[in-house]
Amino acid sequence: MLNKDSKVFIFTFLLTVGILALGLWQLMPNFSGRNSNNSKNQPTNNDQSVTERMSFGERIFSPSDSSTNKKEGSQAIAQENYPQAIADFSKSLKINPNDPESLIYLNNAKIGTQKNYTIFVSVPFGINPKSALEILRGVAQAQNEINNNGKIKGIPLKVGIAKDEDNPETAQKIAAALVENPDVLGVVCCTSSHVTLAAGEIYDSGKLVTISPTSTSVKITDFSPYVFRSVPSDSIAARTLANYMIKNLKKQKAAVFFNSESSYSQSLKKEFVTSVLLEGGEVSQEFDLSKADFSAAQSIKKSTDDGVEVLMLAPNTLTLDKALQVVQVNQKQMELLAGDTTYTIKTLEVGREQALEMVVAIPWHINSNKNSLLSDFPATSRRLWGADVNWRTALAYDATKALIKAIETDPTREGIQKTLPSSDFAPKGANGEIRFQSSGDRNSPVQLVKVVPGSRSRTGYDFEPIDNN
């Protein structure tokens, strides 16, 4: 027989086990019949976060725009009150005509519930809003032009915006959601090369075409039959810079500054080293900007002692500040070459006189003579946005134009993938004809620009095109 104390102990023990079991059952919905039956109707936290990162107008991602009209337009789209949304976004654009997000949402509101062809653009709002807006201007301009000029065989183009924060995991989640949406025919994505590679795995497995307007790493070449880019690869930029160093500057010995943690930076560095060797020169020093003990002063001293004649800057966005320290410490002792990350007003503001004569390889420049001959984009973009646009806008425009033309040819995912690399595919873009190789790369040159005194940027210095030859 159990005594009273033993009975109390057993009762208490069983009661505790029962409470713990109930709590465990409630915390494990995947194993509970109660919650598993509703799981399809109730999105997980990850699903909700992805949904909140995508918008056809019901969400505003641009952090700098707090226009009342824009907010009201977004609310009207969410309520499917499209006439009101059209009125609100039109008013917002009168106040801020340089806002591509409002222009995209205005065009979406005009479509309303009509039949449409849908694409998405994935941009780095949350970490790099400036680049996000530059890319959106290109997409918005292409959408605005096609929808106001006959549409795609009478059917308008609808554009969704996704906020990927230039984060590989976030971009993959967005890609997974877009792959599962049969209405989405193509995606303009992504900004950084490592993000394009990460998201590209999902687009490849889901057989959904994506075109990056800004990812230049050579790793993207032949990565997937569904991953394209409208920007030239690092190999072209590196060859152009190496050729300029040897033939124009008539210098033989270089040092390169890069970030070992960046796919883009590593790619540009490696291609430059190879190209210089092929041209008969030498890269005798390599400096990793990502190292905690990196010193611009020590690097310059080591380069000078080694007889280096040219400094090649290949930073990514995160190491741009360290690259600009190199510019300052160099004091114009050695010639400066650089990749497109340095093509920013910050370089002009910080580098100032010390950056004069620095040569940068970029995909496109609005004042290049060849652009005015190949395309009317420079003039039309100025009229639309009331200001000059940069290469990110131009190449995002080309990516969108390519998707539009492919949709016109065959409005299916499979049809778009087959159309883009075909030999007779050559729509006109901002940078001349848009042609893709079977590798997914664009067949296009780069433009060299030089830092010179000027007033256009309002810093006292400007980037101006120079002859590549």
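The values are calculated or read from the model by the stated rules, or taken from the named source; none is laboratory data. Only a predicted model underlies this, so the values are computations on that prediction, with no experimental measurement involved. Using ideal geometry, Cβ is built from the backbone for each residue, glycine included, and neighbour counts are taken over all protein chains shown. Side chains included, ligands, DNA and RNA excluded: accessible areas come from the protein's heavy atoms. Shrake-Rupley method; radii C 1.70, N 1.55, O 1.52, S 1.80 Å.
Per-structure values
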quantity	calculated
Residue within the range 252-262 that is open to solvent by less than 20 Å² (accessible area, probe 1.4 Å), at pLDDT below 95 and over 14 Å from the mean Cα position of the chain (by Cα) present	yes
Hey, Leu157 open to solvent by less than 10 Å² (accessible area, probe 1.4 Å), in contact (Cβ under 8 Å) with a residue 12 or more places away in the chain, more than 30 Å from Arg239 (Cα to Cα) and not small (Gly, Ala, Ser) or not	yes
Unmet criterion (only one of (1) within 17 Å of Tyr244 (Cβ to Cβ); (2) over 28 Å from the mean Cα position of the chain (by Cα)) for Asn330	(1)
Scan of the range 416-469 for residues that are open to solvent by 30 Å² or more (accessible area, probe 1.4 Å) and among the basic types (Lys, Arg), ordered by number	Lys418, Lys428, Arg435, Lys450, Arg456, Arg458
Qualifying residue in the range 330-344 (condition: touching a residue at least 60 places away in the same chain (Cβ under 8 Å), in contact with a strand residue (DSSP E or B) (Cβ under 8 Å, 6 or more places away or on another chain) and loosely packed, with under 15 Cβ neighbours inside 10 Å)	no
Complete set of residues in the range 143-154 that are open to solvent by less than 40 Å² (accessible area, probe 1.4 Å) and under 18 Å from Leu103 (Cα atoms)	Gln143, Asn144, Ile146, Asn147
Selection within the range 273-320 - open to solvent by less than 80 Å² (accessible area, probe 1.4 Å), over 18 Å from Glu335 (Cβ atoms) and at pLDDT 95 or above	Thr274, Asp288, Leu289, Ser290, Phe294, Ser295, Ala297, Thr319, Leu320
Asp166, sole failed condition from (1) buried (at least 20 other Cβ atoms within 10 Å of the Cβ); (2) on the phi < 0 side of the Ramachandran plot; (3) assigned to a loop (DSSP other than H, G, I, E, B)	(2)
Some residue of the range 165-178 being within 16 Å of the chain's Cα centre (by Cα) and within 20 Å of Ile407 (Cα to Cα)	yes
Unique residue being open to solvent by less than 10 Å² (accessible area, probe 1.4 Å) and either without any contact (Cβ under 8 Å) to a residue 24 or more places away in the chain or farther than 23 Å from Lys207 by Cβ (or both) when the list is Tyr82, Tyr105	Tyr105
Residue check for Gly351: open to solvent by less than 40 Å² (accessible area, probe 1.4 Å) and free of Cβ contacts under 8 Å to residues at least 12 places away in the same chain	no
Residue that is surrounded by the most Cβ atoms within 10 Å (Cβ to Cβ) [pool: residues in the range 108-140 that are aromatic (Phe, Trp, Tyr) and at pLDDT 95 or above]	Phe120
